[in-house]
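Worksheet for the structure shown next.
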Number of protein chains: 2
Amino acid sequence: NSGELARLLAEFGVEVARIAVEGDDEGVLAARIAELCATHELVIATGGLGPTLDDITREAAARAANVELVEDERARTDLLAWFERRGAPMPQLNLRQIRIPRGSELVRNPVGTAPGFALEIGRALFVSLPGPPHEMRALWQDSVRARVAARFAQPLGRARLYLFGMSESRFAEIAGTRMKRGADPEIGVTASDGRLSVLVTARGGGAGSAAELDARARAAADELARELEPHVYSRDEGRLEHLVARELAARGVKIAVAESCTGGLLAGALTSVPGISASFERGWIVYADLAKQSELGVAPALLAQHGAVSSEVAAALARGAAERSGAALALSTTGIAGPSGGSAEKPVGTVWFGVHWRGSTRTHLLRFPPGDRERVRRFATNAALHLGLTALREAGDSRS
Amino acid sequence: NSGELARLLAEFGVEVARIAVEGDDEGVLAARIAELCATHELVIATGGLGPTLDDITREAAARAANVELVEDERARTDLLAWFERRGAPMPQLNLRQIRIPRGSELVRNPVGTAPGFALEIGRALFVSLPGPPHEMRALWQDSVRARVAARFAQPLGRARLYLFGMSESRFAEIAGTRMKRGADPEIGVTASDGRLSVLVTARGGGAGSAAELDARARAAADELARELEPHVYSRDEGRLEHLVARELAARGVKIAVAESCTGGLLAGALTSVPGISASFERGWIVYADLAKQSELGVAPALLAQHGAVSSEVAAALARGAAERSGAALALSTTGIAGPSGGSAEKPVGTVWFGVHWRGSTRTHLLRFPPGDRERVRRFATNAALHLGLTALREAGDSRS
């Protein structure tokens, strides 16, 4: 959770000075909480709020604050309602979860049995949140975020860029000293499966309104974007599947997919977008040659002559998916994810993509570094989405 | 990476005493490395080995060890070969990556440009590894693991259990004080998307051979398994898709999938298994009613009468997938992943599963807690795999 929390706190310009991980010893944990709360302004703990005996955050925080644990009535009501909704009896152990340090404020948990709590210890605000990431995020969004922002937010401006198809080291060469710690604006970058997320932060030494700082960050992002064309694909959303969904909805057109090497990940990414059912009706995973033939009409001769991993078959898959579904856009993938199956001519990591748009089909070849099957598959999924996004944008915004 | 490293180190019984996260200031980092190396036996750093100016782990480690940075010839050869394989010119900045502290041993990187290094600082072995998780893992497996094991491994015995369909708090009630820190054997559990991974560790206070400790851990796991039946689905592999693949291969039969609410994730999980192409040939994502009809022959009357999220449609999807593919086993999912689309009768989180095995079809209903679309989808994917695994095992091992 620590990376996620650092990201959430960065939203207000709150810098994480220290991340500590502690074991399950109550005395040690209490001493560490007391120490951290004496030397920092905000201390957030995650985990250790479960019902079992090795869940000791409540006890340790109470000891650090030198108060006792008391039962919270609202927590009790929430907990009983949680089990009642499930029609399950409440294990007695769960009653441990409604005891919080005296003087603390309950942080209710709408998605689990473990409530959090917040209390003043030393010079710090101490916040205890449950460990499961989706619970931690839910409590943060529901109530902790606003409280932390009100007390700790620093003025800063931010702008983002999202890039595809550029290496991190090539990016760093271009960004140069603008990536140095302390630069203002400062540029940071993170890579994931072919995408780069760039964050430009303007601080202005604490001076300047939020609007001025935002404008400075945007200006720096604009300058950088000019140096990075044509790799920039978005300024507000990094998830390619969401951008594709947005373009499909704006044009009122549908998409279909025919997947071989990505094996369902491309459809899985698209269907992660709420509301996608308006634009996505069907997809095929055609792993075997015979499936490519019988489901999507790929000619046996094409497969025999060029092999399944070829421009010709990628094109036939995309065309077949478009024709069979009636979708305006169809994307296909066929490649060698590894670890075996590669050859000198088509090494592991070779992937052909087909993009069919309104009656015409293009294909693209990418070679990913071999070695990690899942990485090749995730990278290929993003590459297919990026190709689809590019095709939609090139098509302009006519609804003809 | 810290969670992953803690897990990797736990393999030898090495306990992580402290996890610290540091910023990009070279002096601060050097002081912290020196401090940690004075008070611990093993210090592992990840990240900060990139080519850019904010990558300062090399400099900080050299300063902490009071040595200078020197170019490593083998690192230079590896780096040049890396770029040559890609046919790309090497940015000058990358040369920063081949300078490592004098006296350290290079840890070669087969999957990236950043080599790691290991050197003695204070009373500790200091190991520096690259930050990208797949690079960190590769270097760990290739060379760091063996070195750390040889020097630090503690004798202990381990046994595992994997469970499906039981809550973590119900598990904790059953395991009771065996989960207390310091219990021997000690039981630990982690939950993910419907699965529980249970680890039983026997330490014997440092006495006892590895074989004896293993036997004690296994005996404790056996006892626990008897209390947990029928939830235990494996003792050696938690990934349901790998177990399904294993059973399919053992029986020489094929699987097909028809996905609505999981939208490709079920096929994506199956195709993550290397070699699955022997058992998986095709799958359908049939998101729209029309797709369910035209691809898999679901009768329009069924859809009109019962709705897409129903036992009848789940059965028809599984049957259609089996008939169209000729696979012995077919799995289907149809449900409401949310956030919208729910009703009083079928709330968000309602998922029907169809399991077709050699001519007969069964259906199952599960209701997941609503709220997180991706969580419902991942949970449903595991549930479908678990149902498939159960069907294969109930069928016995005849190859008829």
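Considering only residues that are touching a helix residue (DSSP H, G or I) at 6+ places or on another chain (Cβ under 8 Å) and either at the interface with chain B (Cβ under 10 Å from one of its Cβ atoms) or not hydrophobic (A, V, I, L, M, F, W, C) (or both), which ones fall in segment A:370-396?
Hits for segment A:370-396 are A:370, A:371, A:372, A:375, A:377, A:378, A:381, A:382, A:386, A:388, A:393.
Scan segment B:319-340 and report the pairs whose first residue is more than 21 Å from residue A:281 (Cβ to Cβ) and free of Cβ contacts under 8 Å to residues at least 40 places away in the same chain and whose second residue is among the charged types (D, E, K, R) and surrounded by 24 or more Cβ atoms within 10 Å (Cβ to Cβ), with Cβ atoms within less than 6 Å and a gap of 6+ or a chain change.
Every condition considered, no pair remains.
Can you list the helices (runs of 4 or more DSSP H) lying wholly within segment B:1-83 that have 1 or more residues being surrounded by 18 or more Cβ atoms within 10 Å (Cβ to Cβ) and polar (S, T, N, Q)?
Ranges flagged: B:57-65.
Which of the residues that make up segment A:299-330 are closer than 30 Å to residue B:339 by Cβ and at the interface with chain B (Cβ under 10 Å from one of its Cβ atoms)?
A:325, A:326
Need the failing condition index for residue B:89 against (1) in contact (Cβ under 8 Å) with a residue 12 or more places away in the chain; (2) under 17 Å from residue A:168 (Cα atoms), just the number.
So residue B:89 meets the others, but not (1).
Residues are listed down the side, and each one gets a yes or a no for (1) within 13 Å of another protein chain (Cβ to nearest Cβ); (2) open to solvent by less than 50 Å² (accessible area, probe 1.4 Å); (3) assigned to a loop (DSSP other than H, G, I, E, B); (4) at pLDDT below 90:
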{"position": "B:127", "(1), (2), (3), (4)": "no, yes, no, no"}
{"position": "B:149", "(1), (2), (3), (4)": "no, yes, no, yes"}
{"position": "B:162", "(1), (2), (3), (4)": "no, yes, no, no"}
{"position": "B:190", "(1), (2), (3), (4)": "yes, no, no, yes"}
{"position": "B:197", "(1), (2), (3), (4)": "no, yes, no, no"}
{"position": "B:205", "(1), (2), (3), (4)": "no, no, no, yes"}
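Going by what's in this entry, would residue B:166 be described as in contact (Cβ under 8 Å) with a residue 60 or more places away in the chain, surrounded by 14 or more Cβ atoms within 10 Å (Cβ to Cβ) and within 14 Å of chain A (Cβ to nearest Cβ)? Talk me through it step by step, then tell me what you get.
Details: in contact (Cβ under 8 Å) with a residue 60 or more places away in the chain: yes; surrounded by 14 or more Cβ atoms within 10 Å (Cβ to Cβ): yes; within 14 Å of chain A (Cβ to nearest Cβ): yes.
It is true that residue B:166 is in contact (Cβ under 8 Å) with a residue 60 or more places away in the chain, surrounded by 14 or more Cβ atoms within 10 Å (Cβ to Cβ) and within 14 Å of chain A (Cβ to nearest Cβ).
Would you mind stating whether residue B:258 is farther than 30 Å from residue B:338 by Cβ and of a type in the set (Gly, Ala, Ser)?
Values: farther than 30 Å from residue B:338 by Cβ: no; of a type in the set (Gly, Ala, Ser): yes.
Considered against the rule, which asks whether it is farther than 30 Å from residue B:338 by Cβ and of a type in the set (Gly, Ala, Ser), residue B:258 comes out as no.
Filter segment B:249-298 down to the residues that are under 21 Å from residue A:269 (Cα atoms) and of a type in the set (Ser, Thr, Tyr), then identify the one that is nearest to the other protein chains (Cβ to nearest Cβ).
Checked segment B:249-298; the qualifying residue nearest to the other protein chains (Cβ to nearest Cβ) is B:271.
Considering only residues that are under 22 Å from residue A:229 (Cα atoms) and either in a helix (DSSP H, G or I) or within 9 Å of another protein chain (Cβ to nearest Cβ) (or both), which ones fall in segment A:169-188?
As a first pass, look at segment A:169-188 and keep what is under 22 Å from residue A:229 (Cα atoms): A:169-179, A:185-188.
Those that are under 22 Å from residue A:229 (Cα atoms) and either in a helix (DSSP H, G or I) or within 9 Å of another protein chain (Cβ to nearest Cβ) (or both): A:169, A:170, A:171, A:172, A:173, A:174, A:175, A:176, A:177, A:178, A:179, A:188.
Taking only pairs six or more apart or across chains, which ones have beta-carbon atoms under 8 Å, a first residue in segment B:20-36 that is among the acidic types (Asp, Glu), and a second residue that is open to solvent by 60 Å² or more (accessible area, probe 1.4 Å) and outside any loop (DSSP other than H, G, I, E, B)?
From segment B:20-36, the pairs are B:22/B:28; B:26/B:63.
Anything in segment A:84-103 that is part of a strand (DSSP E or B) and open to solvent by less than 70 Å² (accessible area, probe 1.4 Å)? List them, or say none. It would help to see each step written out before you state the result.
Filtering segment A:84-103 down to residues part of a strand (DSSP E or B) leaves A:99-101.
Across segment A:84-103, the qualifying residues are A:100, A:101.
Kindly provide the set of residues from segment B:315-356 that are over 24 Å from residue A:272 (Cβ atoms) and at pLDDT below 95, ordered by number.
Passing the criteria: B:344, B:345.
So, in segment B:104-125, of the ones that are within 14 Å of chain A (Cβ to nearest Cβ) and of a type in the set (A, V, I, L, M), which residue ends up surrounded by the most Cβ atoms within 10 Å (Cβ to Cβ)?
Top of the filtered list is B:114.
The values are calculated or read from the model by the stated rules, or taken from the named source; none is laboratory data. It should be emphasised that the depicted structure is a prediction, and the values quoted were computed from it without experimental measurement. Using ideal geometry, Cβ is built from the backbone for each residue, glycine included, and neighbour counts are taken over all protein chains shown. Accessible surface areas use protein heavy atoms only, side chains included; no ligands, DNA or RNA. Shrake-Rupley method; radii C 1.70, N 1.55, O 1.52, S 1.80 Å.
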